[in-house]
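Q: A single structure is presented below for examination.
The values are calculated or read from the model by the stated rules, or taken from the named source; none is laboratory data. Since the structure is predicted, the reported quantities are computational estimates derived from the model, not experimental observations. For neighbour counting, all protein chains shown are included, and Cβ atoms are generated from backbone atoms with ideal geometry for every residue, glycine included. All accessible areas refer to the heavy atoms of the entire protein, side chains included, with ligands and DNA or RNA removed. Shrake-Rupley method; radii C 1.70, N 1.55, O 1.52, S 1.80 Å.
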Amino acid sequence: AQRVTQPEKLLSVFKGAPVELKCNYSYSGSPELFWYVQYSRQRLQLLLRHISRESIKGFTADLNKGETSFHLKKPFAQEEDSAMYYCALSLYNFNKFYFGSGTKLNVKP
Amino acid sequence: DAGVTQSPTHLIKTRGQQVTLRCSPKSGHDTVSWYQQALGQGPQFIFQYYEEEERQRGNFPDRFSGHQFPNYSSELNVNALLLGDSALYLCASSLRGRGGTTEAFFGQGTRLTVV
């Protein structure tokens, strides 16, 4: 069965520190992996999609099929990065997402 | 473009009652998916509608049903409400095409409380 695990419920870092939000998945095939972000009082929105291999707002994520991981990284955290981050897996494009339980990132001044 | 809109924003119902939640997709989108997000959890897929038919379904009982209208808007119905149905219900819309499905956009959600 497909499963997405985000081991950290809360991650607190100081502004300017590196950030890594962990995501592991279980699926025997070739899934698509995504990171969604939810800022305070805003709706869930797409941050990154692994196949696009983009850097959005300084965040990057690399799909490691050997370790079945898709960790989200940013070298220098900013206060405006404080939000809830969800890792998600889809078996086909944007259909039927499997979400992790989310990690709350708190960037302290 | 207002994006994905959901109504109502909040709702309180009693156990055993029935509820209908509504979703208008982003302009130009033809596919609507529904998710249930319990407190402290990530969203869980309920089902997806395309061309007015349920195309995919998650692990939810038959008490959860839906509908899609010709204008692509959608409803989620839940019968015989249980306390455990209390959650944030999210709607996501996207556009299906030959090359695959476009980015899914989420609504703000409907907060359902069952008492």
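Q: Can you give me the Cα centroid spacing of the stretch B:40-89 and the stretch A:14-79 in angstrom?
A: 27
Q: If contacts are Cα pairs under 8 angstrom and at least 6 residues apart, what is the relative contact order of the stretch B:60-115 in percent? Walk me through the intermediate numbers first.
A: On the way: 69 pairs, mean separation 16.9, N = 56.
Relative CO of the stretch B:60-115 lands at 30 percent.
Q: Between A:Ser52 and A:Glu79, what length in nm is gained on full extension when 0.36 nm per residue of separation is reduced by their alpha carbon distance?
A: Values: separation 27, 0.36 × 27 = 9.72 nm, distance 2.57 nm.
So the extension gain works out to 7.1 nm.
Q: Roughly to the nearest percent, how much of the accessible area of the stretch A:67-106 is carbon and sulfur, given a 1.4 Å probe? Walk me through the intermediate numbers first.
A: Working: 780 of 1470 Å².
Ligands and nucleic acids excluded, carbon and sulfur give 53 percent.
Q: Let me ask something else. Just to confirm the filter: which chymotrypsin sites (Phe, Trp or Tyr not before Pro) across the stretch A:1-87 are DSSP coil and have at most 14 other Cβ within 10 angstrom of their Cβ? Please report the intermediate quantities before stating the final value.
A: Values: sites: A:Phe14, A:Tyr25, A:Tyr27, A:Phe34, A:Trp35, A:Tyr36, A:Tyr39, A:Phe59, A:Phe70, A:Phe76, A:Tyr85, A:Tyr86; in loops: A:Tyr27, A:Tyr39, A:Phe70, A:Phe76.
Sites meeting the loop and neighbour criteria: A:Tyr39, A:Phe76.
Q: Once a ≥ b ≥ c are taken as the square roots of the eigenvalues of the Cα gyration tensor of chain B, is the result rounded (a/c under 1.5), prolate (a/b larger than b/c) or oblate (a/b not larger than b/c)?
A: prolate
Q: Okay, next question. Using protein heavy atoms only (no ligands, DNA or RNA), what is the total accessible area buried between B and A, 1.4 Å probe, nearest 100 Å²? Intermediate values should be presented prior to the final figure.
A: On the way: alone 6390 and 6380 Å², together 11110 Å².
Chains B and A together bury approximately 1700 Å².
Q: Going through the cross-link list A:Lys65/B:Lys26; A:Lys22/A:Lys108; A:Lys65/A:Lys104; A:Lys74/A:Lys96; A:Lys9/B:Lys13; A:Lys96/B:Lys13, which pairs have a Cα-Cα distance over 23 Å in this structure?
A: Working: A:Lys65/B:Lys26 33 Å; A:Lys22/A:Lys108 19 Å; A:Lys65/A:Lys104 25 Å; A:Lys74/A:Lys96 27 Å; A:Lys9/B:Lys13 30 Å; A:Lys96/B:Lys13 28 Å.
A:Lys65/B:Lys26; A:Lys65/A:Lys104; A:Lys74/A:Lys96; A:Lys9/B:Lys13; A:Lys96/B:Lys13, as the Cα separations exceed 23 Å there.
Q: Keeping all protein chains in place and using 1.4 angstrom, which order do B:Glu52, A:Glu80, A:Glu32, A:Glu20 fall into by accessible surface area, from largest down? Write out the running numbers ahead of the final one.
A: Working: B:Glu52 100, A:Glu80 125, A:Glu32 25, A:Glu20 65 Å².
Putting B:Glu52, A:Glu80, A:Glu32, A:Glu20 in descending order of accessible area: A:Glu80, B:Glu52, A:Glu20, A:Glu32.
Q: Could you order B:Leu90, B:Leu83 so the one with the most accessible surface comes first? Probe is 1.4 Å.
A: Working: B:Leu90 5, B:Leu83 90 Å².
From most exposed to least exposed: B:Leu83, B:Leu90.
Q: In vacuo Debye scattering of the stretch A:1-66, one point per C-alpha: log10 I(q)/I(0) at q = 0.17 Å⁻¹?
A: Scattering profile of the stretch A:1-66, log10 relative to I(0): -0.75.
Q: Still on this structure, I have one more. Just tell me how shielded B:28-36 is by partners: mean number of partner chain Cβ atoms within 10 Å of each residue's Cβ, no decimals.
A: On the way: counts 0, 0, 0, 2, 0, 4, 0, 4, 0.
That average works out to 1.
Q: Moving on. Which of rounded, prolate or oblate describes the protein assembly as shown when judged by the alpha-carbon gyration tensor and an a/c cut-off of 1.5?
A: Taking the square roots of the gyration eigenvalues as a ≥ b ≥ c, the protein assembly as shown is prolate.
Q: Counting only the heavy atoms of the protein chains, how much of B:Phe105 is accessible to a 1.4 Å probe, in Å² to the nearest 10?
A: So the heavy atoms of B:Phe105 present about 80 Å² to solvent.
Q: If you count only protein heavy atoms with a 1.4 Å probe, what accessible area per residue comes out for the protein assembly as shown, rounded to a whole Å²? Before the final figure, lay out each step's value.
A: Numbers: 11110 Å² over 224 residues.
I get 50 Å² per residue for the protein assembly as shown.
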